1. Kindly establish whether Leu83 is out of contact with any Gly (no Cβ under 6 Å at 6 or more places or on another chain), surrounded by 18 or more Cβ atoms within 10 Å (Cβ to Cβ), without any contact (Cβ under 8 Å) to a residue 40 or more places away in the chain and part of a helix (DSSP H, G or I).
2. Mind listing whichever residues of the stretch 100-118 are open to solvent by 30 Å² or more (accessible area, probe 1.4 Å) and touching a helix residue (DSSP H, G or I) at 6+ places or on another chain (Cβ under 9 Å)?
3. Can you find even one residue in the stretch 13-21 that is part of a helix (DSSP H, G or I), under 14 Å from Leu61 (Cα atoms), in contact with a Ser or Thr (Cβ under 9 Å, 6 or more places away or on another chain) and open to solvent by 80 Å² or more (accessible area, probe 1.4 Å)?
4. Within the bounds of the stretch 35-51, is there any residue that is of a type in the set (S, T, N, Q), more than 27 Å from Cys124 (Cβ to Cβ) and touching a Leu at 6+ places or on another chain (Cβ under 7 Å)?
5. Which of (1) basic (Lys, Arg); (2) open to solvent by less than 70 Å² (accessible area, probe 1.4 Å); (3) at pLDDT 95 or above does Arg89 not meet, given it meets every other one?
Amino acid sequence: KLFPQKGRSRWMALRQQAMADGLLDAALLARYEGALRPEEKRWPDWSEGQLKKIDGVLSQLESEVKSLKGKLTIGTISVACALGYLDFRFSDRRWRAGRPALAAWEARFGARPSMEATRPPAGCGDEGLDSCPAKSPGPRGTGSGSGRTGVIQAAARRPRTAAMVSPIADGFGA
């Protein structure tokens with residue numbers, strides 16, 4: 001089950017989901033500030049504060065990466081999606097630097113078929129979805145996929161969310 005029923009595993013999954021949600025909240029606020037707010041109205045100290053929140057969550061996840069291993073839960077999916085968003089919109093921040101355990105976990109989790117199928121192709125991050133290549137993504141978002149069409153192609157044109165990552169598509173039961 002994506003939401004463990006009771007005990008420590010339930011609270012760990014919910015805590016991971018909350019950390020991922022907080023990371024995404026800060027990332028979206030920083031992105032909007034830099035991409036949508038007129039330059040003369042931007043507040044650099046505020047944006048830096050949001051980025052520090054992201055770094056704090058990443059450091060915490062690095063310190064407890066062992067809790068991400070094992071069963072697929074709403075927490076692990078949420079964390080993987082949040083890290084994917086950082087790759088999508090904040091690739092210049094290089095979140096993996098200094099976080100080898102978290103980076104290794106993300107690489108393994110990100111290789112799941114459902115994660116590969118919903119990863120935006122390379123080149124979609126800053127120019128908006130109209131700049132995305134029409135082909136489906138290849139390994140690790142290279143844009144060199146097999147040319148699959150339909151749902152996978154549509155999914156490749158938008159960032160993944162926890163609801164899009166299907167444990168059934170990965171061969172895990174509900």
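1. When the stated conditions are applied, Leu83 passes them.
2. So the first thing to find is which residues in the stretch 100-118 are open to solvent by 30 Å² or more (accessible area, probe 1.4 Å), and the list is 100-101, 104, 107-108, 111-113, 116.
Residues satisfying the conditions are Pro100, Ala101, Ala104, Ala107, Ala111, Arg112, Glu116.
3. Checking the stretch 13-21: at least one residue is part of a helix (DSSP H, G or I), under 14 Å from Leu61 (Cα atoms), in contact with a Ser or Thr (Cβ under 9 Å, 6 or more places away or on another chain) and open to solvent by 80 Å² or more (accessible area, probe 1.4 Å).
4. no
5. Of the numbered conditions (1) basic (Lys, Arg); (2) open to solvent by less than 70 Å² (accessible area, probe 1.4 Å); (3) at pLDDT 95 or above, the odd one out for Arg89 is (3).
The values are calculated or read from the model by the stated rules, or taken from the named source; none is laboratory data. As the structure is a computational prediction, the values presented were derived from the model and not from experiment. Virtual Cβ from ideal backbone geometry, glycine too; neighbours counted across all protein chains shown. In case anyone asks, the SASA skips ligands and DNA or RNA and just uses the protein heavy atoms, side chains included. Shrake-Rupley method; radii C 1.70, N 1.55, O 1.52, S 1.80 Å.
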